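Here's the structure, in structure tokens; my notes come after.
The values are calculated or read from the model by the stated rules, or taken from the named source; none is laboratory data. Because the structure is predicted, anything quoted here is derived from the model rather than measured. Counting neighbours? That spans all protein chains shown, and the Cβs are built from the backbone with ideal geometry, glycine included.
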2 protein chains.
Amino acid sequence: MAKLTPYEVEGEVDYNKVIKQFGASLIDNKLKSKLNGIRLVDKNVFFAHRDLDKIIGKDFAIVSGRGPSAKITLAHLQLFKFVKEMQDKFGCRVFIPLSDDEKFLFKSKLSFEESKKLAYENLLDILAVGFDPKKTEVIIDFENMDQELYNLSMKCGKTITNNTVRSAFGFTGDKNIGINFYPAMQIAHILYPTVKYGIPSLVAVGVDQDVFIKLARDVAYKLKLTKPGDILSKFLPGLDGGSKMSSSNPYSAIYTDDSMKDIEKKLKKAFSGGRETLEEHRKKGGNPDIDVCYQYLNLFLEDDEEKLKEIYDDYKSGKLLTGDLKKYTIKKTQECLKEHQENREKVKKSISKFLV
Amino acid sequence: MAKLTPYEVEGEVDYNKVIKQFGASLIDNKLKSKLNGIRLVDKNVFFAHRDLDKIIGKDFAIVSGRGPSAKITLAHLQLFKFVKEMQDKFGCRVFIPLSDDEKFLFKSKLSFEESKKLAYENLLDILAVGFDPKKTEVIIDFENMDQELYNLSMKCGKTITNNTVRSAFGFTGDKNIGINFYPAMQIAHILYPTVKYGIPSLVAVGVDQDVFIKLARDVAYKLKLTKPGDILSKFLPGLDGGSKMSSSNPYSAIYTDDSMKDIEKKLKKAFSGGRETLEEHRKKGGNPDIDVCYQYLNLFLEDDEEKLKEIYDDYKSGKLLTGDLKKYTIKKTQECLKEHQENREKVKKSISKFLV
């Protein structure tokens, strides 16, 4: 199998196998019907969970944080759009912890000032998605650390041994003591709405982060708090056809601040399901299931399902050429990011409304 | 030699040997003359240091914190009185961190609520000493954690490995990750005034805590901050004649909330330098140098040096009997603690003036 930890994703991921190993559950049809209309659930990107069935229908909070890094990708953006859709549909609270402290601790060369700057820049991207300020709270650890959150991190830390983090995350003696402690703060982020409002937390997160939720559930039990649930997403495919669009791999990623020209250049080079020659493509057809442009249209760019089906069928039959599919995807991506970049500018004025 | 770590003191302590081992310096006569009139320096209780010679004479801050525990003893009180004398003489800032979080992490059965209560109770004792509210700041970690302090703890934590705390403090895999992280917060407390005001910190502390200052100096160097200094005290003798009055050993300690009756009972049982029988005492004389009552008078109860000399000589000659020495010491201790207990009540109204 592929390597899959909170700090590393390599190779092809067999999601069903992963879920079985982790002990999470697939989202079944009954549960899916309750989430009807949430795009990334309909598209099977959010595909697994813990306790989602117990949480949906009651009052709950979604926790969806971010360890701020240099760039937010189109993939990250989809995760936050999903959270906004959930907020719109269920009226739930959203808690967004930005762990600039975590990134600072883990990256030896990242300075304190740079960590803070990244948190601010990432926050603009996140808030551009359009959360309800009355029901959305942001904590940037280096900026507005909350007394309740700090206290909770110590309560969590008291229940976790060095041996536990060593076996769960492989932290060895040469790691700094901040890294070693960090799972306590991570779990405090997860349990924060539960302590503050007495409602369960649902963590919306990539499947690679599930180990934190497992640990958070153990800690919640020890602290006599309602265990958090999670809703787990697959990775969005990278431009190169790899299984993850990763912000640290520029060949795989479209960033939210890419120019219209960048987008065009990147998508022109994206991995395609087309044939070697025009003749062969016309004759045998392409493969939309592995075509990156088609994936992006399907997962988050094309709202018209009929149009999408037409593209799928035409590409498969060879009627639609790779160049034309790319051209269309470039246009849709440019529209999507242009709108995002405008919203990102506007949101600068209203950040303070979201800070705890 | 005796066992001496930040967490354990056992047996007789050979202070000169300890200082040599640690690599601190004795306070020499030149330095002593600069501190002339500071009682516990005159009495050789504060006897050693790091960089005190570089710090005295400039603008500096004294850091003197407390891990809140059930009771404050007469010995603790003397430490804080020393700090107040330093503030009066040198006009320095005083920073008092109360690490209720530390005690919570280290004591498995201590609840969060109880930790907070202890911090409040201990703070009353400390502030009763009479610090200048304009130059004195208190942080109770679970109550008014400061963003600057939190950020600093992460900066410190980034520079310290798990291996380092394991070798310095013996923290093993079964310890919780809060304990393992705690030296980072401890050192952040020490460096806080340096970061906030750009002045060096002088830590006033028992000699057993020197290892933290050593580590703090390494961290300061890595963070390009002025290294903190320290001024180190011997332990005050326990009632039982042992080398440390310890709050966790009720047979050794007078507590600040002891009743007048408690004080009498305890001092009557205190270890004495008297002879077995009255006749023998009259004939051979007592030994004031090992007599607990005489130590207390000498170190912090008797302000009149002539009177003190008279007591010393009369006890040694056999003229002063143990019962009479005890009676006098009981009276002085009762006066001292009665005044303290009154001040402690008064200070309840002004706590907020001291919180950061």
One residue is enough: does region A:153-169 have a residue meeting the conditions closer than 29 Å to A:F80 by Cα, of a type in the set (G, A, S) and at pLDDT below 95? yes
ask   = In this structure, is B:N151 closer than 23 Å to B:F104 by Cα, touching a residue at least 60 places away in the same chain (Cβ under 8 Å) and polar (S, T, N, Q)?
value = no
Counted residues in region A:175-189 being of a type in the set (S, T, N, Q) and more than 9 Å from chain B (Cβ to nearest Cβ) come to 1
By residue number, the members of region B:239-270 that are of a type in the set (S, T, Y) and part of a loop (DSSP other than H, G, I, E, B) are B:S243, B:S246, B:S247, B:S248, B:Y251, B:S252, B:T256, B:S259
(message) Looking at region B:116-126, can you tell me whether even one residue there is in contact (Cβ under 8 Å) with a residue 60 or more places away in the chain and farther than 30 Å from B:P237 by Cα?
(response) no
Among A:F181, A:F212, the single one that is within 27 Å of A:S243 (Cβ to Cβ), in contact with a helix residue (DSSP H, G or I) (Cβ under 6 Å, 6 or more places away or on another chain) and either surrounded by 21 or more Cβ atoms within 10 Å (Cβ to Cβ) or outside the structural domain of A:K116 (by TED's automatic domain parsing) (or both) is A:F212
A careful count of residues in region A:317-327 that are buried (at least 18 other Cβ atoms within 10 Å of the Cβ) and either polar (S, T, N, Q) or out of contact with any helix residue (DSSP H, G or I) (no Cβ under 6 Å at 6 or more places or on another chain) (or both) gives 1
Criterion first (within 9 Å of chain B (Cβ to nearest Cβ) and of a type outside the set (S, T, N, Q)) does A:D88 satisfy it? no
Taking B:L202 as the residue in question, decide whether it is buried (at least 18 other Cβ atoms within 10 Å of the Cβ) and aliphatic (A, V, I, L, M). yes
Filtering region B:245-265 down to residues that are buried (at least 20 other Cβ atoms within 10 Å of the Cβ) and of a type in the set (D, E, K, R) yields B:D258
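Each row is one residue, and each column tells you yes or no for (1) assigned by TED's automatic domain parsing to the domain that holds B:P133; (2) over 14 Å from the mean Cα position of the chain (by Cα); (3) crowded, with 21+ Cβ neighbours inside 10 Å.
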residue: B:D42; (1), (2), (3): yes, yes, no
residue: B:K54; (1), (2), (3): yes, yes, no
residue: B:I62; (1), (2), (3): yes, no, yes
residue: B:S69; (1), (2), (3): yes, no, no
residue: B:I72; (1), (2), (3): yes, no, yes
residue: B:H76; (1), (2), (3): yes, no, yes
residue: B:F82; (1), (2), (3): yes, no, yes
Considering region B:134-156, residues that are among the hydroxyl-bearing types (S, T, Y) and closer than 25 Å to A:L152 by Cβ, and then whichever is farthest from the other protein chains (Cβ to nearest Cβ), we arrive at B:S153
Going through region A:57-72 in order, the residues found to be under 24 Å from A:K107 (Cα atoms) and assigned to a loop (DSSP other than H, G, I, E, B) are A:S64, A:G65, A:G67, A:P68, A:S69, A:A70, A:K71, A:I72
Checking B:T164, B:T159, B:T172 in turn, the sole residue that is touching a Lys or Arg at 6+ places or on another chain (Cβ under 6 Å), within 12 Å of another protein chain (Cβ to nearest Cβ) and surrounded by fewer than 24 Cβ atoms within 10 Å (Cβ to Cβ) turns out to be B:T159
Scanning region B:93-115 residue by residue, those buried (at least 23 other Cβ atoms within 10 Å of the Cβ) and in a loop (DSSP other than H, G, I, E, B) turn out to be B:S99
Residue set B:G206, B:G198; condition modelled with pLDDT under 95 and either of a type in the set (G, A, S) or closer than 30 Å to B:F90 by Cα (or both); output residue B:G206
When restricted to A:E339, A:E306, A:E279, the only residue free of Cβ contacts under 8 Å to residues at least 40 places away in the same chain and under 22 Å from the mean Cα position of the chain (by Cα) is A:E339
Apart from one, (1) more than 11 Å from chain B (Cβ to nearest Cβ); (2) surrounded by fewer than 22 Cβ atoms within 10 Å (Cβ to Cβ); (3) hydrophobic (A, V, I, L, M, F, W, C); (4) touching a residue at least 60 places away in the same chain (Cβ under 8 Å) all hold for A:L223; the odd one out is (1)
Q.
For region B:125-132, check the following and say yes or no: at least one residue is outside any helix (DSSP H, G or I), at positive phi and more than 7 Å from chain A (Cβ to nearest Cβ).
A. yes
